[in-house]
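The values are calculated or read from the model by the stated rules, or taken from the named source; none is laboratory data. Owing to the predicted nature of the structure, the values given are computational and were not obtained by experimental measurement. Heads up, the Cβs are rebuilt from the backbone with ideal geometry, glycines too, and the neighbour counts pull from every protein chain shown. For accessibility, only protein heavy atoms count, side chains too; no ligands or nucleic acids. Shrake-Rupley method; radii C 1.70, N 1.55, O 1.52, S 1.80 Å.
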Amino acid sequence: MAVLGTAGHVDHGKTTLVRALTGVDTDRLPEEKKRGITIELGFAPLRVRDPDGRDGTERVVAVVDVPGHERFVGTMVGGAQGVDVALLVVAADAGVMPQTREHLAILAGLGVERLVVALTRCDAADDETRGLARIDVEDVLSRTPWAGAPIFEVSGKTGLGIDALRAAIAKETRALDLGPRQKRPARLAIDRAFVPRGQGVVVTGTLVAGSVSTGDELELVPSGRRVRVRGLHQHGSAVTKATATGRVAIGLGGVELADVHRGETLAQPGSIAVTRAFDAVLVRTGQGRPFGRRARITIHAGTDEVSGRLVPLGPLAEPEGEAPAKTTIGPGETWLVRAVLSRPVALAAGDRSVARADAPIAGIGTTVGSLEVLRVQPGKLAGGRARYSSLLRAWRAGDALARAKIEIDGAGLAGLAADELARRLPERAVPKEVARGLSGWELKSGGGTRWIGDAGRARVRQLLLAALDRWHAEHPDDEGAPLAVIVGSVPPNTAPGLSETTLEKAVSAGEVVRLGEKVRRASFKPRARADDPHALEIARRLREGGVAPPTLAEIARDLGVDPARARALATSVAGTGRIVHVQGDLWFDRAALDDVRARLVTFLKDKGAISTGEFKDLVGASRKFVVPLAEWFDAQKVTLRVGDLRKLRGA
């Protein structure tokens, strides 16, 4: 089902024309009846028959009737979102008026590609007046994307030209290719929420993408509240499925009326970004004075209206040579900008929105210009606006893979999962060819698959090596840094598994050496060496001491070595496996420990348990050595203490 939206100046007969086409009076409010003007959006089904249809079947076009008064331009913008074909209404006895031009600018900004013109009230205008109105319209359209659009002389009162106009609408709507939008995740901008008598919450809007079925779970964005589709209606008829595009009324479960607001988006869960800033292309209207970053604006996104400001980044066209820096945007110019909003909104790359003056600005009309949304999660401007503008130009001109790489690189250490990347792309998905092109950036871990760009990987490598260098500088005698310490040295938002993977690659490349649960730079040499004469003497004395060795402090005193130096030397010898640190100042010869372990295991297999006294007899040493040894075997998971006894672990 296609969507037809009216446009035009107030009191030019839009609602009368819709009634003539559809038989429905879209002015439903008492105030609209009283004042004779449209205030709120109106909706009606238009039944058309294709010119070459042989079976005589009809199809329905959804009509959105918008207000024309300048005070309700915001409502008009909300109604124009999702329109497939525009019906520009110009009164033959009045001609082109201010809101005619403004509505055309809005339609162009929203990317509406097809337009039909209706010259209304032709029954009240003579031939010359109608001819002048036609020339006026043709002149205005010649400077828009719809130059040469068909113009029909009609009368809502007499029925003049209505059939020809209806046939033209059928032709234009039939030519639409809605397939790409229907394949995207479901999305509907809410323009009304209410509770019919005896029912739950119902919302209405234009389904601009995807499809919705009874029973589907959807998400209210930006609030994030999940809801269930209880029922669907299109133009008064219950349906089980609605497909873009078209007007839809959706009954919701799991929500109260107070939780639903006009301006929110109803979408497939997790499919659309929520942001307070975005990058865009701004096309200024052709009138008014230049404005800069201090000008406040209102941005219309879907049916939402949010205040904010625009930060000029640079002209869309690449500047030639050393062009002087410019920070103001003149009428008719096209710029790259950053929109900074007062609150979060739901947006997707590729969206079209309208920027309007938030407060009167000298020389500028209500509509400032249109915005083509580029990056919904914009990057930092630390490298300068000129450099960032070049990045945005590449993003806009590139294919899906190029845009994906820019987004992933911009995510830095965190990288992006598939759903996160999809929310940043105009396709609202990660095409298969893009996934194949990103295979070299793939990272798989317990948290799922993420893509990490070259910049993010390089940054993590830099941080890990810097952490290793700091450890070596602060612990020059240690053979290496604890693996957990180095892995944990990166920022908390780093993608899970990236540190480990990066270290593994550094080990494979020969940059880093892994020593069990420790790592060190390949170029790092501990300050204390195992072949140092004092180190060899420490090993000899411990070997001679057997199960009752001298303490390291005693050896250091005998050798005239500083205790800290003795610990470093002992650590270096321990790295060779010849001695072992048991507890405090006690170090043992590895062979002596292995002998005790063998005798202990044999005893426990035979007896089942051993007391401290029995262990003392088994070792043949005093409690000074026996107690630390017993606790060390506990720590090594050889034994398990149960009360005053120890048993073989796992037995």
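The table that follows gives values for the structure above.
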| item | result |
| --- | --- |
| When residues of segment 102-126 are limited to those that are charged (D, E, K, R) and in contact with a strand residue (DSSP E or B) (Cβ under 8 Å, 6 or more places away or on another chain), the one least open to solvent (accessible area, probe 1.4 Å) | E102 |
| Residue identified as at pLDDT 75 or above, assigned to a loop (DSSP other than H, G, I, E, B) and on the phi > 0 side of the Ramachandran plot among G332, G288 | G332 |
| Pair list, Cβ < 8 Å and 6+ apart or interchain, from segment 86-107 residues that are over 20 Å from V368 (Cβ atoms) and modelled with pLDDT under 85 to residues that are polar (S, T, N, Q) and open to solvent by 10 Å² or more (accessible area, probe 1.4 Å) | none |
| Selection from segment 190-207 of residues that are touching a Ser or Thr at 6+ places or on another chain (Cβ under 6 Å) and either of a type in the set (K, R) or open to solvent by 20 Å² or more (accessible area, probe 1.4 Å) (or both) | R192 |
| Within segment 414-429, tally of residues that are in contact (Cβ under 8 Å) with a residue 12 or more places away in the chain, open to solvent by 20 Å² or more (accessible area, probe 1.4 Å) and part of a helix (DSSP H, G or I) | 3 |
| Subset tally (residues that are surrounded by 16 or more Cβ atoms within 10 Å (Cβ to Cβ), free of Cβ contacts under 8 Å to residues at least 24 places away in the same chain and either of a type in the set (D, E, K, R) or in a loop (DSSP other than H, G, I, E, B) (or both)) for segment 610-651 | 1 |
| Selection within segment 235-285 - on the phi > 0 side of the Ramachandran plot and open to solvent by 20 Å² or more (accessible area, probe 1.4 Å) | H235, G236, G254, G270 |
| Residue list for segment 72-95, restricted to those being over 18 Å from G263 (Cα atoms) and open to solvent by 20 Å² or more (accessible area, probe 1.4 Å) | D93, A94 |
| Answer residue from segment 16-43, given it is out of contact with any Pro (no Cβ under 7 Å at 6 or more places or on another chain) and modelled with pLDDT of 85 or more and is most open to solvent (accessible area, probe 1.4 Å) among those | R19 |
| Members of segment 581-609 that are open to solvent by 60 Å² or more (accessible area, probe 1.4 Å) and touching a Gly at 6+ places or on another chain (Cβ under 7 Å) | R590 |
| Residue that is surrounded by the fewest Cβ atoms within 10 Å (Cβ to Cβ) [pool: residues in segment 150-171 that are under 22 Å from A108 (Cα atoms) and without any contact (Cβ under 8 Å) to a residue 60 or more places away in the chain] | P150 |
| Close pairs (7 angstrom Cβ cut-off, 6 or more residues apart or separate chains): closer than 24 Å to P344 by Cβ in segment 378-402, assigned to a loop (DSSP other than H, G, I, E, B) and open to solvent by 50 Å² or more (accessible area, probe 1.4 Å) anywhere | Y388/L381 |
| Sole residue being over 25 Å from D351 (Cβ atoms), touching a residue at least 24 places away in the same chain (Cβ under 8 Å) and within 24 Å of the chain's Cα centre (by Cα), chosen from R174, R228 | R228 |
| Test: residue in segment 516-535 that is touching a strand residue (DSSP E or B) at 6+ places or on another chain (Cβ under 9 Å), open to solvent by 50 Å² or more (accessible area, probe 1.4 Å) and over 30 Å from R649 (Cα atoms) | yes |
| Unmet criterion (only one of (1) among the hydroxyl-bearing types (S, T, Y); (2) within 20 Å of F625 (Cα to Cα); (3) at pLDDT below 90) for S572 | (2) |
| Single residue of L401, L392 found to be within 18 Å of the chain's Cα centre (by Cα) and open to solvent by less than 10 Å² (accessible area, probe 1.4 Å) | L392 |
| Lone qualifier among T576, T612 - being polar (S, T, N, Q) and more than 57 Å from the chain's Cα centre (by Cα) | T612 |
| Residue within segment 115-125 that is hydroxyl-bearing (S, T, Y) and either touching a Phe, Trp or Tyr at 6+ places or on another chain (Cβ under 7 Å) or assigned to a loop (DSSP other than H, G, I, E, B) (or both) present | no |
| Any hit, segment 524-537, residues being over 15 Å from D478 (Cα atoms), aliphatic (A, V, I, L, M) and in contact with a helix residue (DSSP H, G or I) (Cβ under 9 Å, 6 or more places away or on another chain) | yes |
| Residue satisfying all of: in segment 339-353; charged (D, E, K, R) and out of contact with any Lys or Arg (no Cβ under 9 Å at 6 or more places or on another chain); least open to solvent (accessible area, probe 1.4 Å) among these | D351 |
| Selection from segment 553-580 of residues that are out of contact with any strand residue (DSSP E or B) (no Cβ under 8 Å at 6 or more places or on another chain), open to solvent by 60 Å² or more (accessible area, probe 1.4 Å), assigned to a loop (DSSP other than H, G, I, E, B) and not acidic (D, E) | G560, T576 |
